[in-house]
1. In nm, give the distance between the simple-model label positions of B:Arg532 and A:Val9, each being 7 Å from the Cα along the Cα-to-Cβ direction.
2. Relative contact order, percent, of region B:465-575 when contacts are C-alpha pairs under 8 Å separated by at least 6 residues?
3. If you stretched the chain out fully between B:Thr328 and B:Lys278, how much longer would it get, using 0.36 nm times the residue separation minus the C-alpha to C-alpha distance?
4. So, R0 is 41 Å and r is the distance between the beta-carbons of A:Thr76 and A:Phe511; what FRET efficiency does that work out to, to 0.05?
5. Starting from 0.36 nm per residue, how many nanometres of slack lie between A:Ser352 and A:Ser622 once their C-alpha separation is accounted for?
6. Compute the FRET efficiency between A:Gln275 and B:Arg545 as 1/(1 + (r/R0)^6), taking r as their Cβ-Cβ distance and R0 = 60 Å, and round to the nearest 0.05.
7. Select from B:Ser367, B:Ser384, B:Ser396 the residue farthest towards the positive end of the dipole of region B:311-397; place +1 on Cβ of Lys and Arg, -1 on Cβ of Asp and Glu, and compute about the Cα centre.
8. Cross-link list A:Lys587/B:Lys319; B:Lys378/B:Lys403; B:Lys496/B:Lys548; A:Lys587/B:Lys288; A:Lys38/A:Lys260; B:Lys349/B:Lys436: which exceed 29 angstrom alpha carbon to alpha carbon?
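Please treat every number below as a calculation from the coordinates, not as lab data. Here the structure is a predicted model, which is why all the values come from computation and not from measurement. Note that each Cβ is placed from the backbone with ideal geometry, even for glycine, and that neighbours are counted across all protein chains shown.
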Amino acid sequence: RYTSTGCFVFKPNFKKRKISVPIEDYFSKGKNASEDSKLRFETYQLIWQQMKSETERLQEELNKNLFDSLIEFLQTSHSGLWKNSEDWSGEIKLREIPTAALILGVNVTDHDLTLRSLTEVLQNNVTPYVVSLQAKDCPDMKHFLQKLLVSQLMDCKVDVQSKEKESVQVIQKNVHYSMDSLSAWYMNFHVLFDPKMRLKRQISQFLIRMIKQNEIQHLHEFPLILIFGIATSPVVIHRLLPHAVSSLLCIELFQSLSCKEHLTTVLDKLLLTTQFPFKLSEKVLQILTNIFLYHDFSIQNFIKGLQLSLLEHFYSQPLSVLCCNLPEAKRRTHFLSKYIFSISCKREETQSLLENLHVYHTNYFLVLRCLHQFTSFLPKYPLGRQIRELYCMCLEKNIWDSEEYASVLQLLRLLAKDELMAMLQNCFKVFQSSSAKELGNTAKKIEEFLAQFQSLDETKEEEDTSQSQSKGLQKTDLYHLQKSLLEMKELRSTSKRQTKFEVLREQVVSFVDSLVREYLLPPDTQPLHETLYFSSAHTLRQHLNAAPRIALHTALNNPYYYLKNEALRSEEGCIPNVAPDICIAYKLHLECSRLINLVDWSEAFATVVTAAEKMDANSVTSEERNEVIHARFIRAVSELELLGFIKPTKQKTDHVARLTWGGC
Amino acid sequence: MTSTLELKEDKMLKVQFVGDDDVLNHILDREGGPKIKKDRAQLLVNTQKIIKKPENELEEDDQEVLKDQNYVEVLGQDVQESLKNGSATDGGNKVYPFQNRKHPEKMAKLASELAKTPGKSVSLNKNDPEITIDIPQCSKGHSASDKSQLKNNDKSEFLSTAPRGLRKRLIVPRSHSDSESEYSASNSEDDEGVAQEYEEDTNEDILSQKIQAQNRVVSAPVCRGTPSKKMKRKKTSHLVEEYFEAHSSSKVLTSDRTLQKLKRAKLDQQTLHNLLSKVSPSFSAELKQLNQQHEQLFHKWMLQLHLGFNIVLYGLGSKRNLLERFRTTMLQDCIHIVINGFFPGISVKSILNSVTEVLDHMGTFRSVLDQLEWITNKFKEDSSLELFLLIHNLDSQMLRGDKSQQIIGQLSSLRNIYLIASIDHLNAPLMWDHAKQSLYNWLWYETTTYSHYTEETSYENSLLVKQSGSLPLSSLIHVLRSLTPNARGIFRLLIKYQLDNQDNPSYTGLCFQDFYQQCREAFLVNSDLTLRAQLTEFRDHKLIRTKKGTDGVEYLLIPVDNGILTDFLEKEEEEL
């Protein structure tokens, strides 16, 4: 039998084969094994499982609205048809296939998950006859129908076994016939489509056939509903399908949740909470959100990043053993003794530190949300519109030192009463929802403020009878006029009497300010914060958002970066002649334009290499040495070809074409 | 590009790509122009210009107050922390500049520069007076305002190279023929004209150099004088102009020398290998250290593979040995498949076949997709199954296609298939769109090894090793060994026939009917269909070429050097 030598299968002897190595061994073996590593791995798995199920729950919750309305649509679309079939509008409707267009957004990677759960929901609630078709599964009509039928047949266990096989075989021969059998068999049928453009041909072919069916009044027997997943806009459907087809679709639009909202919820429930002990540092959070916002809008990827940071945290930070819920962490404090050298630090002390950290977080998130209530409605959003931006800033440094914070306070001082009251009300809700004791009186205080604002309404403010400085119009000269104007101005700015409302507003602002200053300290001011915060941002970036091109560039341009040999040390932009062959060949080829003459290149290469070798002992005869150098040149050139820097060309004999820009 | 950017409404931040000369002008603007001969290395750093808008001009509906600058900062930091990560060294600004017209002699010059000062590094653009004179910076160095004035000189500037005398001095005596005219354009029609031009130019060399020198002196004050706003507008158009200048002309000046004149025979793989084995490896201590660092990651890789990630390795140097060590140290007790992506006969089908082989499946599948589905179901049913896939060069010619990547991605997304792969090509990441990336669920690891791509390039029709798309001996053997004995017999027949006819100049190949007859007689095939199937196999591996003769009959030919075929037959007989 033919097998390519490109693949080699290694199957270990079954008798010898051990029962597979437990994963935690890999966790601990990488580094010097310590007693707590097993515990750390277990904690990792526990927390990850919790986080994962939480994200799944969130997803479900967020999709619920959409799915509910979809289900309603599916249930009504055909039943309505039967009733109205008498009058002519029903007649027209009869010719149309009810279609739901599901706008899923550009985060293509998340669609899979949404569609899968949608299929599940439909199967449970509407009908078992649901087929989900994805572009990758259906490269041609044959596969398309096969999938349509087979997945259906397997699920529903139609009793006629032999007939089944027949029909599957028939499909390959006669598509049309199979459609007949399809319609004969299924009473209620939903088809789901993935939003991939490649499905175009199949869809239209399929639909055309369906419409033929319609014409023979088969719709009664074959009530089909289509659901399209679309990434951007419903115009796509019209563009993909010929008019004759799209005019026969009765399309209803459904909008799924925007991925940004999704992200906010995920952050809110996973990070801005004391439910999960694990936290991200500012840089890490920023990298993750930036990958999300700049690269893919994919929640899945974001969660992958979260998983990786969790893993890295437990893998590389020995203190992470304490990264678990408070009572458990207290029990584990003895692991810490290894890392603390002063004897004075007793176990009780660490326990109280842990407790403090917990309290700190509880208060932190409350005050953060409260501050967010105030800042998220300000014009131009000096501290960001989303809570994650605010969170990032608070993580980074003392927020009150920033200019943005100062401008926030200034803007707060300009707020109108109803705005301020609305914000206070929101804050009050935030505080009420929590049970933290330390901040209990804060809620009370806010309540007081609210009451005071209310009372302002009733006791009509006594108009400050402006001490009319009408000294009468006197004749003055220009000098005096200016002088008096200046005086008036000063008077207004300094001793302008504040209204009661202004006084109260000032109080509120300073109250918020005091809250922020007290509770929003950056986490690195807290003892033991290392146990909870993952801060190695570069590892994350390296593994999630790598730049292979730049790595290649660095390796070729600056070998000293990797090979710490003094001979390779060089200034910016140049390269020593003892560098690896490929670096020299690369550097030389940078000096060429689109085409490179191999002879020139090889000569230049030889020049450099001979010069470098002359320092060594002159043992070999020159002809032989030249040959060796030529061979080295060949190797370097073919390596550059493999890397995609050059390619052979027929434009001119013995030339290669450059494939990269610049580098000049 | 820049102009559209400028036209756009105020964004918070603008990133503009600006050519070297514009940056130079910019500097001149500011500093009043006393330092014209700036280092180009320095200039490069400035190509990316970041303009930050005042904070309070943020667009209101720009929901995310995207702190681009923060982003850049975050991405570019932690250099010290990650000593071994090349990605962190500098941003992309050096990797993607615009292409400029290149001086045909630059390479030789750089070479001699590098050679002159052994052990020490000297850049082309250091303030060596002799060198700075003849860098044709001029055409780039001056501002847009005097561009038009210089236009008529442009040609001569590009062509004017170092004076002959200097060039002779620079090129080491080893170079063979300097006497003939060496420079010409790539399209042969223009050859003569350019050669003539060149002759003229050499005569004018000294003259034009003087002009250049003058221009440089003149250009500085002009730059200073021009109002900056006006300059900006001109800058863009100047940049565009230069870009098209560099790309419009089909002529590329390179020397006409060919390898034949060099009298260096083309090497085959074997001699190449022998020659290279004489080279003593340098920096072995450092390389070893580098490798050890990578090896420390093995346990982590295993862990992450088990937790649902897949691992991709990138960076300069062959990662074959590294993966091989990973395999021998970690995977001895696991079922695993090693896939040599660089092997010319590899295909997704063969990968899937070996997976089904692992699962002890006998029989065939109607299509690749059926096979994939069968595998998927199998792995989903039995969670105790575990399979490691090691793919060397996932980005190879044969595997980089969209469909192949989709299928491998789907395989790798299975929970109990663990994929660890290496990529080498510069543009390899372009293979994957978001959907595929999420299928793969990659974790990237930079493993720069500086190892030679010995195995990977041995199959390649390397530029200097073998030409005309023929296979080198080693790959011929490789491919043929994988065939059935019958197939080998068929191929041997064809070789013998071709060698018998090697002195016949009008030999066009063996006609299919004759070939079929011969194969039948040797009991190698029983029907002409089997032979045709076999020939398709050969053709896929580029072992044979078919040609329709004038009489409409198919002729079969092996596009391999007769010498290699003789060698091959000898080797085969040795083994038998």
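1. Output for this residue pair reads 3.1 nm.
2. On the way: 92 pairs, mean separation 37.0, N = 111.
Taking the mean separation of contacting Cα pairs over the length of region B:465-575, I get 33 percent.
3. Roughly 15.2 nm would be gained on extension.
4. Using R0 = 41 Å, I get an efficiency of 0.15.
5. Details: separation 270, 0.36 × 270 = 97.20 nm, distance 7.75 nm.
Difference between extended and current length: 89.4 nm.
6. About 0.30, to the nearest 0.05.
7. Checked the options; the winner is B:Ser396.
8. Beyond 29 Å: A:Lys38/A:Lys260.
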